[in-house]
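The structure appears right after this line, and notes come after that.
The values are calculated or read from the model by the stated rules, or taken from the named source; none is laboratory data. Owing to the predicted nature of the structure, the values given are computational and were not obtained by experimental measurement. Quick reminder, even Gly has a Cβ in these numbers, built from the backbone with ideal geometry, and neighbours come from all protein chains shown. The area values use the complete protein model at the heavy-atom level, side chains included, leaving out ligands, DNA and RNA. Shrake-Rupley method; radii C 1.70, N 1.55, O 1.52, S 1.80 Å.
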Amino acid sequence: MNILHLINKISSMRSYQGVLLLAAALAVFAFYYLGSGKENFSSTTRRIKESRAAQSTSAELDISSEFKMGEGKSKNLESREVMDYHLLMMFTKIDKSPGLRSKFQVALSSLVKYGKFESNEILSLHFVSDEPSKDIGKTVLRDLLQGARFKYKVIFHDVNVLTEKLFPIVEAMQKHFSAGSGAYYSDSIFFLSVALHRIMPKEITRIIQLDLDLKFKTNIRELFEEFDNFLHNSVIGIAQEMQPVYRHTFWQYRRENPKTKVGDPPPNGMPGFNSGVMLLHLEAMRLSSLYNQLLEPESVRQLTDKYHFNGHLGDQDFFTMIGMEHPELFYVLDCGWNRQLCTWWKDHGYSDIFEEYYSCDSHIKIIHGNCNTLIPED
């Protein structure tokens, strides 16, 4: 019996029951033929288990795109450990915004252009979507992924299902970090990254969450390697904010604490974070008692009172605030991984110090066209 043959059979079947039966057969084969007398399932079986677990939070798993074979297919794939890399994007209201669709095409086409993985590696693309956007996404993705030089699978998650799960966790923080005047139910999705470790299957231990308004200039696989640089207490990898937005937000705290570094520019200051590119170590987030304590309503209240914090940028604001108090929870990405282009604050009172925040001398790997800034053509 050939494992790759079984995988191909899984890809061609539309019935969920058929997938389960084949997964069970594959597990039995791995146990008896590849095992060593212990409970030893093959890596392929573990990957199928992870795919099944992911379905519990997704509206639909697009099986037709699973195990898409790129260049350099290995003849000995079944003998090598299969590695899953997980990437998540918000993909809602695309049907109502041609601009969002255009940004999505730029992001995915550049990801495909530079993306390259080993023959035993699979990129799992997770999209949080509503029904109209999902229909558009399937069509767009079918075209964009045709030239991919790597294996991938596509998973759509229903935004309403995730919002229902998120709301009880993040309700208390929404009034402090939302644009609206209260904790609106629909605002919960803007805090997805904050509690993703409680929603995604435990088999998924690491995931990268990205904004749509990005353009890749290098292989996305290199970004996953940044997880290996996390320190002992790190749970999230994130780049610093490249505008003085948090110098402005923390104005009252700064006035009361004139020697603070809160809101100051790099390299010695604490300018806050930008959530356009985030490395979420879900396993570390689950295990961190400190991080999970900070999600509690009382902890949120105490910190917002201490820092006089009232923001409107969702998860970015939350991470920035707790980062001022507990910087050890964060691995700071180099600015080249999130080169933000927005210059709004330069023209709104901070032109004299703007470049201290905006400067980035690193090699640019991801361009971020935040605040609708046009991303230059190649």
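Here are a few things to note about the model shown:
- Selected residue (criterion: farthest from the chain's Cα centre (by Cα)) from residues of region 312-341 that are at pLDDT below 95 and buried (at least 18 other Cβ atoms within 10 Å of the Cβ): L313
- Pick from region 263-300, criterion in a helix (DSSP H, G or I), under 30 Å from L223 (Cα atoms) and of a type in the set (A, V, I, L, M), ranking: most open to solvent (accessible area, probe 1.4 Å): L287
- Residue selected from region 335-368 under the condition in contact with a strand residue (DSSP E or B) (Cβ under 7 Å, 6 or more places away or on another chain) and part of a loop (DSSP other than H, G, I, E, B), by the criterion farthest from G99 (Cα to Cα): C360
- Being assigned to a helix (DSSP H, G or I), over 30 Å from P376 (Cα atoms), at pLDDT 95 or above and of a type in the set (D, E, K, R) is a property that D187 lacks.
- All conditions but one from (1) open to solvent by 20 Å² or more (accessible area, probe 1.4 Å); (2) closer than 21 Å to T320 by Cα; (3) modelled with pLDDT of 95 or more apply to A172; the one that does not is (3).
- S133 vs. criteria within 22 Å of T304 (Cβ to Cβ), crowded, with 22+ Cβ neighbours inside 10 Å and among the hydroxyl-bearing types (S, T, Y): no
- Checking K202 against (1) at pLDDT 95 or above; (2) open to solvent by 10 Å² or more (accessible area, probe 1.4 Å); (3) outside any strand (DSSP E or B); (4) in contact with a helix residue (DSSP H, G or I) (Cβ under 6 Å, 6 or more places away or on another chain), the condition it does not meet: (4)
- Qualifying residue in region 320-329 (condition: in a strand (DSSP E or B) and over 19 Å from K175 (Cα atoms)): no
- When T260, T304 are screened for being free of Cβ contacts under 8 Å to residues at least 12 places away in the same chain and either in a loop (DSSP other than H, G, I, E, B) or more than 22 Å from the chain's Cα centre (by Cα) (or both), only T260 passes.
- For F309, the criteria (1) crowded, with 19+ Cβ neighbours inside 10 Å; (2) on the phi > 0 side of the Ramachandran plot hold in every case but one, which is (2).
- Test result for S299, out of contact with any strand residue (DSSP E or B) (no Cβ under 8 Å at 6 or more places or on another chain) and among the polar types (S, T, N, Q): yes
- Exclusive hit being out of contact with any strand residue (DSSP E or B) (no Cβ under 6 Å at 6 or more places or on another chain), farther than 19 Å from I367 by Cα and open to solvent by 50 Å² or more (accessible area, probe 1.4 Å), set Q105, Q146: Q146
- For region 106-117, the criterion of a residue being among the aromatic types (F, W, Y), touching a Ser or Thr at 6+ places or on another chain (Cβ under 9 Å) and assigned to a strand (DSSP E or B) is satisfied by no position.
- Yes/no for S275 being among the hydroxyl-bearing types (S, T, Y) and under 14 Å from the mean Cα position of the chain (by Cα): yes
- Per-region count, region 221-243, residues over 17 Å from M285 (Cα atoms), open to solvent by 30 Å² or more (accessible area, probe 1.4 Å) and in contact (Cβ under 8 Å) with a residue 60 or more places away in the chain: 3
- Among the residues of region 215-257, those identified as in contact with a Lys or Arg (Cβ under 8 Å, 6 or more places away or on another chain), farther than 28 Å from D352 by Cα and either at pLDDT below 95 or not in a loop (DSSP other than H, G, I, E, B) (or both) are F216, R221, E222, L223, F224, F227.
- Of the residues making up region 65-95, just one is modelled with pLDDT under 50, on the phi > 0 side of the Ramachandran plot and open to solvent by 60 Å² or more (accessible area, probe 1.4 Å), namely G72.
- The one condition in (1) open to solvent by 20 Å² or more (accessible area, probe 1.4 Å); (2) under 24 Å from L214 (Cβ atoms); (3) in contact (Cβ under 8 Å) with a residue 60 or more places away in the chain that P376 fails to fulfil: (3)
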